[in-house]
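Okay, structure first, notes after.
The values are calculated or read from the model by the stated rules, or taken from the named source; none is laboratory data. Every value quoted in this text rests on a predicted model; they were computed, and no experiment measured them. Glycine gets a Cβ as well: all are built from the backbone with ideal geometry, and neighbour counts include every protein chain shown. Surface areas here come from the heavy atoms of the whole protein model, side chains and all, with no ligands, DNA or RNA. Shrake-Rupley method; radii C 1.70, N 1.55, O 1.52, S 1.80 Å.
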Amino acid sequence: MRRCHIHLIIILLSLMLSGLPASLSAQDSDDPSNIPLPAAPADENGYEIENILLLGSDTDNPRNSGRTDVIVIVSVNFTEGTAALLSIPRDLYVYIPNVGMQRINTAFAFGEQAHPGTGPQVLGDTILYNLGLTIDHYARVDFNGFRQLVDDLGGIEISVDCAIQDWRLREPGLDMQVEDNWELFTLPVGVHRLDGNLALWYARSRRTSSDFDRGRRHQAILRAMLGRIRALGLLEQLRDVWPQVGESVRTDLSFEDMLRLTVAAGQVQSDRIASYTLRPNVEARSWRAPDGASVQVPNREALQTLIARFLAPPTRLQIGRERPRIEIVNGSGVHSLARVAADRLAWEGFLVDIADQPVPYQYATTIVDFTAQTKGSSLELLQTVMRVEPDDIDIEPDPARSIDFRITLGGAYQSCTYDVMPPRDLTETEGD
């Protein structure tokens, strides 16, 4: 019997033993405060898959489990040599077995409070019940552990496509209770090197964005950390760095588990890593819970579709059967925008190169389509992501082409295509 089925049976038995009325434990009504039916186990389609739960707790106190405000599931497909990331909003309103309807970021703490050490299992059971995903392993860091990991890597490099503005301590270590110690800080569009403190600020900020956008930024940080780990050759030095990792990370992964995952990570190329987040009013909608809390109620049908995409090899679903190669030419006059645009397209699964040759400044961003394909073309997705007007697209069929599309960035290029408010008094794009 598959392990996910066994876990589902255990959850159902726990419902019966918990003394809940049968009408509550088996109903799936329109009232979000009622306990829903268990989600059907997700179909892994015969692939060898492991799901690892990455957690970030909102505390710097090692004796306090805190709330898991960062919840990212990493699905490693050993059969296809791919990986996928799925961010779960901290305010997703779910059923926690033997507890009741609560925000998902409280499940870990409920487990720790009831029986220390069981937080990961309770959260894993919660994810299985509500999403149908079986969690194989977990890793958790708190504020201090996250800062330490980033600083140990010498910082991470992030392409910021949406400027973020939020309050930040003027200097690390200042008294957080003193109002004058805070400043309104903006991280503008561009390429930036973040130390542990700034990376934590970037991961947590939601003053001008949302919890959904935070999930996207969490994944960008994870990708940047993996890139830095590869650049430093740390995948090949696992035996040496493993004790250091244990100082910052709480996990049930053994050294042998990590060794297996490290081999897989070394083989997965960045364009074979897919990223998924829940979308407002699609996979989840806002609702006011009976206790007055603002929560996100899952759309079970839409979530099931998203999870099916999450478990499928990314190149089969992100951009169809084709593997288009994109060339970015920078005519915007801002050096860092080429990297920002390239990373934004790589996020969608495209293969992207940045042209070296300088070109004259132009105002509008343009696309040249050398494929001239209609069926299965990626042109529409490129147009949407890059915000290119139809009049700025040229079709130039070239059977002998070495690239499929050429995108020339213009000075009017706006990289932010997400629901993020523009920062106050930000008058120009900056970068390094």
Legend entry - Residue identified as open to solvent by 50 Å² or more (accessible area, probe 1.4 Å), at negative phi and touching a helix residue (DSSP H, G or I) at 6+ places or on another chain (Cβ under 8 Å) among Tyr418, Tyr361: Tyr418
Inset, instruction - Please state which one of Arg216, Arg206 is outside any strand (DSSP E or B), among the basic types (Lys, Arg) and either in contact with a Lys or Arg (Cβ under 8 Å, 6 or more places away or on another chain) or under 16 Å from Gln148 (Cα atoms) (or both). - result: Arg206
Inset, instruction - Would you be able to say whether some residue in the stretch 132-150 is at pLDDT 95 or above, among the hydrophobic types (A, V, I, L, M, F, W, C) and in contact with a Lys or Arg (Cβ under 8 Å, 6 or more places away or on another chain)? - result: yes
Legend entry - Those residues of the stretch 145-174 which are part of a loop (DSSP other than H, G, I, E, B), out of contact with any Asp or Glu (no Cβ under 6 Å at 6 or more places or on another chain) and closer than 23 Å to Asp343 by Cα, in sequence order: Leu153, Gly154, Asp161, Cys162, Ala163
Inset, instruction - Please specify each residue of the stretch 369-386 satisfying the condition of being closer than 24 Å to Gly411 by Cα, open to solvent by 10 Å² or more (accessible area, probe 1.4 Å) and without any contact (Cβ under 8 Å) to a residue 40 or more places away in the chain. - result: Phe370, Leu379, Glu380, Gln383, Thr384
Inset, instruction - Scan Gln148, Gln177, Gln121 and give me the residue that is without any contact (Cβ under 8 Å) to a residue 40 or more places away in the chain, under 25 Å from Met258 (Cα atoms) and open to solvent by 50 Å² or more (accessible area, probe 1.4 Å). - result: Gln121
Inset, instruction - Only residues that are under 19 Å from Asp343 (Cα atoms) and free of Cβ contacts under 8 Å to residues at least 24 places away in the same chain: list them for the stretch 218-267, please. - result: Ala231
Legend entry - Subset tally (residues that are among the hydroxyl-bearing types (Ser, Thr, Tyr) and modelled with pLDDT of 95 or more) for the stretch 365-385: 2
